[in-house]
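Readers should treat all values here as calculations from the given coordinates under stated rules, not as data from a laboratory. For clarity, every value in this text was computed on a predicted model and none was experimentally measured. Cβ placement follows ideal geometry from the backbone for every residue including glycine, while neighbour counts extend to all protein chains displayed.
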Amino acid sequence: MSDPYEPPRPRDDALESELESLHRQEEEGRTTPKEQRRAKQLEHRLQVDEHGEEERDRRQEDRELDRKDDEERHRHRH
C-alpha cells in the first residue's frame with residue numbers, strides 16, 4: 001500500500017481532476033455518451049494504477065526482507 005503522506009503523482013491528479021469534472025457534469029445531467037465512456041475509462045485507469053502501485057510496493061518490501069534475511073544469514077556464518 002502506498003504511503004498516505006507521500007504526495008500523489010501528477011498524472012493521477014490530472015486524471016482525478018478530469019474524472020471529478022465529468023462526474024459533476026453527469027450530476028447536472030449534461031454529459032454525452034462519449035463523456036460517460038471517458039469517465040469509465042478514467043475510473044478503470046486509476047484502479048489499474050492503484051493496483052500497480054500496490055504491487056510495486058509489495059515487491060519492494062519483499063526485496064527489503066530478502067536483503068535483511070541475507071544479511072542475517074551472512075552474520076550467522078561468520
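Here's a check for you: in region 23-47, which residue that is basic (Lys, Arg) and part of a helix (DSSP H, G or I) is nearest to Asp12 (Cα to Cα)?
Only one residue tops the list, namely Arg45.
May I ask you to verify whether Glu53 is in contact with a Ser or Thr (Cβ under 9 Å, 6 or more places away or on another chain) and either of a type in the set (Gly, Ala, Ser) or assigned to a helix (DSSP H, G or I) (or both)? Outline the logic, then answer.
Values: in contact with a Ser or Thr (Cβ under 9 Å, 6 or more places away or on another chain): yes; either of a type in the set (Gly, Ala, Ser) or assigned to a helix (DSSP H, G or I) (or both): yes.
Yes; evaluated as a whole, the condition is true for this residue.
Of all the residues that make up region 35-78, how many are of a type in the set (A, V, I, L, M) and surrounded by fewer than 10 Cβ atoms within 10 Å (Cβ to Cβ)?
Total meeting the criteria: 0.
Which residue pairs have Cβ atoms under 6 Å apart, sit 6 or more places apart or on different chains, and have a first residue in region 48-64 that is within 17 Å of Leu15 (Cβ to Cβ) and a second that is among the aliphatic types (A, V, I, L, M) and surrounded by 11 or more Cβ atoms within 10 Å (Cβ to Cβ)?
Cβ pairs passing all conditions: none.
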